[in-house]
Amino acid sequence: FMEKRLLFGILFAALSASWPVLALAQWQQEWDKTVKAAEKEGKVVVYQTAGPDLREALAKAFFSKFGITVESLTGTGFQVSEKIIRERKAGLYLSDLYQGGVTTPTLLLKPAGVLAPLEPTFIIPDLKDPELIKKIWWEGKLQWVDSDHKILSFMAFPIPWLVINTDLVKIDEINSYRDLLNPKWKGKIVMFDPTMTGPGGKLFSTSSRYIVGIDFWREFAKQDPLILRDSRIVVEGVARGKYAFTISPLTDVVEAFRREGAPLAYKMAAEGGSLTTGHGGIAILNNAPHPNASKIFINWLLSKETVELFSKVYNVHSSREDVSTDFLAPERKRQPDIKYVWPEVEDFLLEESKYYTQGREIFGIR
């Protein structure tokens, strides 16, 4: 009897020691099987909102690793979502994934019934092991936008509150929202439209609800800011010195001008700020025409190596805590001493449009 107990104990210990190996083998087998099936499909079709640098970097890296082509269609979140919905109404199942901002898919794609849950596509332990998730993801969890787990954020970086032309504005001259009301800036401000989805709308809605209130913007409107819907023209106006600063510009556009030597610098408000996922959201369409390639792309996109690539090209802080931020300027990453709002959740996004309505009244936009 004692010998049997001893043998059982040895066997149990051996099996216990091998469980991590068996678990590794299990997910690795699923991964290898899915990769082979994806290779036969040959491509994945991703509708994206990202700029050319980010889009091309992802496509090149994915093809280099798997030999699978990434076919992209790009546009604003609204344009991309509307195209997907029109295609589905026509019975066309052309796209596999949506990759970009999370507001529009929350407001359009999910209500249209074209999204599938993401979790069934997860294979790698980074997305499935609860203990590992606690260690490597910001706040110890995956940042789901919705309770149905159909839309996921994998970037979490400060919204660029202000970008100044350092030839026209002293670096310490504007530190607070209230500093924007200085009469000297009247007529010298350009901003992305705050009454629609995008960086302008995100800053306007989050600051109105959580930071300075809607009445601040009524005062700010008296500064006669120029409001545009072309992010490149917005940033170019500041880069060339036509305007002193811009509120809530697109980061990738700012970075393109900074690489060319434009005298642009970011500023953070003393009142705190809000975080955004920017282009860092992912969702899978139901009945995706390339399901295996879609799975591989999703897991690859959310892996450490690709999140780091995404973060470097996009120049923003990711939601993975194990990705280096050494290449980021302080204003481009979350700071422990700054209070941030996290608005990329369904409850807020569904009511965000009411702020856009108020914004149209405040700024006289029809």
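The values are calculated or read from the model by the stated rules, or taken from the named source; none is laboratory data. All values derive from a computational prediction rather than experimental measurement. Here Cβ is always computed from backbone atoms with ideal geometry, including for glycine, and neighbour counts include all displayed protein chains. These area figures cover heavy atoms from the full protein model, side chains too; ligands, DNA and RNA do not enter into them. Shrake-Rupley method; radii C 1.70, N 1.55, O 1.52, S 1.80 Å.
Is any helix in the chain, taking whole DSSP H runs, at least 20 angstrom long along its axis by alpha carbon and on average at least -1.0 on the Kyte-Doolittle scale, and which ones? Membrane-span-like by this criterion, though nothing is claimed about a membrane: 2-41, 52-66. For the chain, modelled as a Gaussian network with Cα springs under 10 Å, which listed residue fluctuates most, ALA269, ALA293, ALA38? Of the options given, ALA269 has the highest mean-square fluctuation.
Over all other residues within a Cβ to Cβ distance under 14 Å of PRO343, the charged ones net out to -2, with Lys and Arg as +1 and Asp and Glu as -1. What is the distance in Å between the Cα centres of region 235-266 and region 304-366? Taking the Cα centre of each part, region 235-266 and region 304-366 sit 18 Å apart. Note on ASN182 and LEU228: with the Förster distance fixed at 25 Å, the Cβ-Cβ geometry gives a FRET efficiency of about 0.70. Net charge within 14 Å of GLN223 by Cβ-Cβ distance, Lys/Arg positive one each and Asp/Glu negative one each, not counting GLN223 itself? Net charge in that neighbourhood comes out at +3. Counting only protein heavy atoms and a 1.4 Å probe, region 89-161 has 38 square angstrom of accessible area per residue.
Here the chain exposes an accessible surface that is 54 percent carbon and sulfur, computed with a 1.4 Å probe and the other protein chains kept in place. For region 176-322, the solvent-accessible area works out to 35 Å² per residue, with a probe of 1.4 Å and every protein chain left in place.
Quick one: in region 80-188, what % of C-alpha pairs are over 22 Å apart?
55
Put a dot 7 Å past the Cα of GLU39, heading toward its Cβ, do the same for TYR93, and the two dots end up 2.5 nm apart. Modelled label positions at ASP32 and GLU219, each set 7 Å beyond Cα in the direction of Cβ, lie 6.6 nm from each other. Okay, which of region 100-125 sit inside 17 Å, backbone N to the point 7 Å along the Cα-Cβ direction of LYS141? Under 17 Å, as judged by backbone N against the label point of LYS141, lie 118-119 of region 100-125.
Using a cut-off of 27 Å between Cα atoms, the listed pairs LYS141/LYS354; LYS33/LYS60; LYS89/LYS295; LYS128/LYS150; LYS304/LYS333; LYS36/LYS333 include LYS141/LYS354; LYS36/LYS333 as exceeding that distance. Packing, taken as the mean count of other beta carbons within 10 Å per residue, orders the peptides 333-340, 196-203 from highest to lowest as 196-203, 333-340. Simple spin-label estimate for GLU351 and ALA112 gives 2.6 nm between the two label positions (7 Å along the Cα-to-Cβ direction from each Cα).
Entry note, the chain: relative contact order of 25 percent, from Cα contacts under 8 Å with a spacing of 6+ residues. A value for mean projected area of the Cα convex hull in nm² was derived from the coordinates, and within the list (1) 22.0; (2) 17.2; (3) 24.9 it appears as (1).
Given their separation in residues at 0.36 nm each and the Cα-Cα distance between them, ILE171 and ASP326 gain 53.5 nm when the chain is fully extended. Please build a GNM for the chain, connecting alpha carbons under 10 Å apart, and tell me which residue among GLU71, GLU173, GLU41 fluctuates the most. Comparing GLU71, GLU173, GLU41 in a Gaussian network model of the chain, the most mobile one is GLU173.
For region 271-288 and region 147-170, compute the distance between their C-alpha centroids and round to whole Å. Using only Cα atoms, the two centres lie 12 Å from each other. Taking a sphere under 10 Å around the Cβ of ASN286 and counting the other residues whose Cβ falls inside, with K and R at +1 and D and E at -1, yields a net charge of +2.
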